[in-house]
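Structure first, commentary second.
Every number in this text was worked out from the coordinates using simple rules, so none of it is lab data. Everything numeric here is computed off the predicted structure, so don't read it as measured data. Here Cβ is always computed from backbone atoms with ideal geometry, including for glycine, and neighbour counts include all displayed protein chains.
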Amino acid sequence: MAWTNAKNKALQERARDVIPNGMYGHQSVSLLPDEYPQFFSRGRGCRLWDVDDNEYVDMMCGFGPNLLGYGFEPVEAAALAQQAKGDALTGPSEVMVELAETFVSMIDHAKWAMFCKNGTDATSIAVVVARAQTGRRKILYATGTYHGAAPWCTPRPAGILPEDRAHIVYYQYNDLDSLETAFRQCEGDVAAVIATPFVHEVFRDQVDPEQEFAVGARQLCDKHGALLILDEVRAGFRLARGSSWAKFDVQPDLSAWGKCFANGHPISAVLGSESARKGASAMFTTGSFWFAATPMAAAIETLRHIRESDYMEKMIDAGRRLRDGLQQQAASHGFTLKQTGPVQMPQILFEDDPDFRFGYHWCAETLQRGAYLHPYHNMFVSSAHTLADMNDVLAATDEAFAAVRKNRDAIQPNAALMRVLPARK
Ligand SMILES: Cc1ncc(COP(=O)(O)O)c(C=O)c1O
């Protein structure tokens, strides 16, 4: 069946009347090539269907939540069994304690856990816990990092007051001198340093953390009596089965988790060590749905698979197949790709493509051949992506490279992107 998007376009038209901008946040397709569907009807494994029933190998995994495959049976069975008993009740169920115990047993620095819904809840709570613990104000924040959409961290300034950021002080990721300078500027007033496990921002190459930076950040926090917060919301359990900086022997005091640890069920978590327990006990936080038992049951089952299955090795094998295949294809069509970050969280940009016109065209052509890639956001591999699925992606990308090569001189940059790119880069 030929690729069409008539139903999606009609829904977008209706949405424009009743949803601000037709859609908001990172799930808006307003900056993507025009072909990209806004609305989807179903997902299974690593496959996704849009409302026009076009099928894709999905390389976005719901922007991260899909770790083991959409509709992964053991997790769904655990969720359904709990749902039949009760979900958002007058108080939490037994699974809350079991889930906290599971995290404490899996993550070295974790001695306690709190649960919420989204990554923004978790990073924001971690910041408040650090301030409650230390009685200090300043949060040292790596420039350009996405930690969520609350006033202290949202990337868009509309509606945000300078006061909301008055005690956010910026440093450069992987640059210990800049972190030291920030500590010096705020002598005696730093509550916490917050960092992601590696640099995974939109429109740019991903950057690995330097061991010296991770170790140095820990030492500076210890020296100045500040807490270290690791924001694992995006990368957690895709790099390691435990804390992402354990490979450097660096343990944070607090960590924020979300997206994938219940394989798509809505739950996030703040984990903390003894060094943050007092602050966590003193501050007030809650939410009507934060104690719902169904996502907790899904999380316990997902975490069991994280501990006991070869999900990580499967993601890495599939990601490696894609990276190697793309490298060869790009070369044979006369392009150079910048493939950065871990293979299981690939960022794929074209070399010499400052306005992203080639990347956009290539992704749009790939989309219409059955693979959903993203032209400026990092992608995610799940353990449901098989080598055969990656071969399907590669079949689509090969034809897409040929189309870009053929149209090379006529390809124009995306107009919507051009209106906002200078401010975003
Ligand atoms: C590193 C990081 N922190 C926090 C968040 C916010 O998570 P959520 O969108 O679930 O609020 C995200 C979301 O992409 C993220 O990537």
Practice task
Compare A110, A410, A15 in a GNM of the chain, Cα atoms joined below 10 Å, and give the one with the largest fluctuation.
Solution key: A410
Exercise for the section: Would you work out the charge dipole size for segment 330-425 about its Cα centre, treating the Cβ of every Lys and Arg as +1 and the Cβ of every Asp and Glu as -1, and quote it to the nearest 20 debye? Expected result: 320
Exercise for the section: Enumerate the whole-percent occupancy of each 5 Å bin, from 0 to the last occupied one, for all C-alpha pair distances of segment 104-186. Expected result: 3, 13, 19, 22, 22, 14, 6, 2, 0
Practice task
Using the Cα centre as the reference, give the magnitude of the dipole from point charges on the C-beta atoms of the chain (Lys, Arg: +1; Asp, Glu: -1; all else neutral), rounded to the nearest 20 debye.
Solution key: 680
Completion exercise
Between the alpha carbon centres of segment 300-340 and segment 374-406 the gap in Å comes to 11
Practice task
Hey, can you grab everything whose amide H is under 5 Å from the amide H of A371? Only 5+ residues off in sequence or another chain; H modelled, so Pro and N-termini drop out.
Solution key: V57
Problem - Helical contribution to [θ] at 222 nm, DSSP H n ≥ 4, -39,500 (n - 2.57), averaged over the chain, rounded to 500 - result: -12500 deg cm²/dmol
Practice task
Averaging over all projection directions, find the projected area of the Cα convex hull of segment 324-425 and quote it in nm² with one decimal place.
Solution key: 6.6
Exercise for the section: Over all alpha-carbon pairs in the chain, figure out the percentage whose distance exceeds 43 Å. Expected result: 12
Completion exercise
At 4 °C in a medium of viscosity 1.567 mPa s, segment 1-113 has a Stokes-Einstein diffusion coefficient, with Rh taken as the Kirkwood radius over alpha carbon pairs, in µm² per second, of 74
Problem - Mean-position separation - Cα centroids, segment 104-151 and segment 181-240, in angstrom - result: 12
Handout entry: Residue list for segment 21-46, given a label point 7 angstrom along the Cα-to-Cβ vector of A15 and an amide N cut-off under 20 Å
Key = 21-44
Problem - Vicinal HN-Hα couplings computed from phi for segment 338-354 (Karplus, 6.51 cos²θ - 1.76 cosθ + 1.60; Hz; Gly/Pro x) - result: 9, 9, 10, x, x, 4, 7, 9, x, 10, 10, 10, 8, 5, 6, 9, x
Handout entry: J(HN,Hα) series, segment 254-261, from Karplus relation 6.51 cos²θ - 1.76 cosθ + 1.60, nearest Hz, glycine and proline x
Key = 9, 9, 10, 10, x, 6, 9, 7
Handout entry: Segment M23-K85, extension gain: residue separation times 0.36 nm, minus the distance between their alpha carbons
Key = 18.8 nm
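What is segment 195-303 by shape, rounded, prolate or oblate, if you read a ≥ b ≥ c off the alpha carbon gyration tensor as root eigenvalues and call it rounded for a/c under 1.5, prolate for a/b larger than b/c, and oblate otherwise?
The shape class here is oblate.
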